[in-house]
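Just passing along the structure, written as structure tokens.
Read-outs: derived from the displayed coordinates by stated rules, not from any lab. The structure presented is a predicted model; accordingly, all values stated were derived computationally and were not measured. Every residue, glycine as well, gets a Cβ built from its backbone with ideal geometry; the counts of neighbours run over all protein chains shown.
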Amino acid sequence: MTWTLLLLPLLLMVMGFPIFLVLLTAAAATMVFTMQIPLVALQQFLFSSVNAYALLALPFFILAGDLMGRGGIAQRLVDLMRASMGRVPAKVPLTAATSGAIFGAITGVGAASVATISRVMLPHLREEGYPDRFNAGLLVSVGAVGVILPPSIPMIVYAAAADESIPRLYSAGILPGLLIVGLIGLYSLWVGRKSQVAGDEAFTLRRFLAAAKEGIWAAGVPVVIIGGIYGGIFSPTEAAAVACLYAFVVSFAVMRVLTLRDLLASARTTVAYTAQIMIVIACAGVFSWLITVNQISIAMVGVIQDMALPNWALLLVINLFLLLVGCLIDPLSAILLLTPLLLPLITAVGVDPVHFGIIVTVNLAIGLFTPPFGINIFVLQSLSRMPLGTIYRGIVPFFGLYLFALLLITYVPDLSLAGVWLLMGK
């Protein structure tokens, strides 16, 4: 069984096969050659893996994000951020950081945030004289914040895999996400002061009010989504559908930017991206079931318990492991594969599953902009045509900021759980 569940997937990954095909082949080989389970069961397990109510939010949030990008909502958010800052050092990078975090939080998809904010902000960053190395590191790293701040698609998948509450996870992600945005902002401010680059225009009330008038509807998107969820008006899945409706009505009827052709293009993009995610979820679900039914997770728990690691060392080892996995596998696949394995380990030593969900999410967010397979890197490279070497060098300081935040989040559980206590009351 070792060769089908371990050696075969590694071989296929080295050969460059897509991750869903790696998982599906390994699962099918295990069921046929080592467990003698009829292949008809494979179809049933594939369906049951995606037959989860929480996963209905995925296509809705993807569609909402694409509509906001095409409908000008993202541009208006950026304009509002710039108008509110005036002549401060690093005004443009700070705008990129805050806008990227807001838009990433709205969509829950890091790559979508990078694509949208890069189109809007990269020309301004270059115009202000910031080097592409800094621009690249800023844009790819701030895009990753979107999977930490609610509503986060990886958190939805973790909630399904760990049987946890999505609102509790969303509450827990707020302070860690704001911490990372704050660290990126402070570093950007330091770079701006060092480069002696000031804002392009002084703050004026007239300019701010004009931007606020244009961006008031755009600013209402996070209010509707987050306020609706925590106000008990609708569930996260219903919030995703409301976000789609809100984005369409505002972009089409109020701003009059979105066209019916854009709507069809957004629908096609949503279908394609949802299909990519769902096929990975289905195959990873089968693979995870095989790992569980063959008691691999129980064996891992036994090995680590025999090592008698203290809690801090166990969390450090898990963080290093997740950082390595995040460099090689996309976050959703990693969550579905590793949650059944790691959850028993951390619950056995008293770590809160919600806190652990934030640890997992932050680790895999780092993987979104870590070579060799960080998706945010390739999204930016395809849009900007920057050399990969330039992007890789620019990532280094932001990687350090994320690692510092990860250590705080890991060893100070209240950073995550305080949001749950404040918003959920438990």
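Can you tell me the dipole magnitude for the chain around its Cα centre, using point charges on the Cβ only (Lys, Arg +1; Asp, Glu -1), in Debye to the nearest 20?
Details: 20 positive and 16 negative charges, 238 e Å.
Rounded to the nearest 20 debye, it is 1140 debye.
In deg cm²/dmol, rounded to 500, what helix-only [θ] at 222 nm does the chain give when every DSSP H run of at least 4 residues adds -39500 (n - 2.57) and the total is split over its residues? Could you put the intermediate results ahead of the total?
Details: 20 runs with 326 residues, N = 426.
Taken over the chain, the calculation gives -25500 deg cm²/dmol.
Of F17, F404, G129, which is farthest along the charge dipole of the chain in the positive direction, counting Lys and Arg as +1 and Asp and Glu as -1 at C-beta?
Projecting each Cα onto the dipole axis, the largest value belongs to G129.
Let me ask something else about it. Please determine, in degrees from 0 to 90 and to the nearest 10, the orientation of helix 153-162 with respect to the longest principal axis defined by the Cα atoms of the chain, where the helix direction is its Cα long axis.
The answer is roughly 30 degrees.
Taking the number of other C-beta atoms within 10 Å as the exposure measure, put Y273, Y411, Y170, Y158 in order starting with the fewest. Numbers along the way, then the final one.
Working: Y273 19, Y411 12, Y170 25, Y158 29.
Ranking Y273, Y411, Y170, Y158 by Cβ neighbours within 10 Å, fewest first, gives Y411, Y273, Y170, Y158.
Once Rh for segment 19-424 is found with the Kirkwood sum over Cα pairs, what is the Stokes-Einstein diffusion coefficient at 20 °C and 1.002 mPa s, in µm²/s?
Working: Rh = 21.8 Å.
The estimated diffusion coefficient comes to 98 µm²/s.
Also: How many angstrom lie between the C-alpha centres of segment 38-57 and segment 396-425?
33
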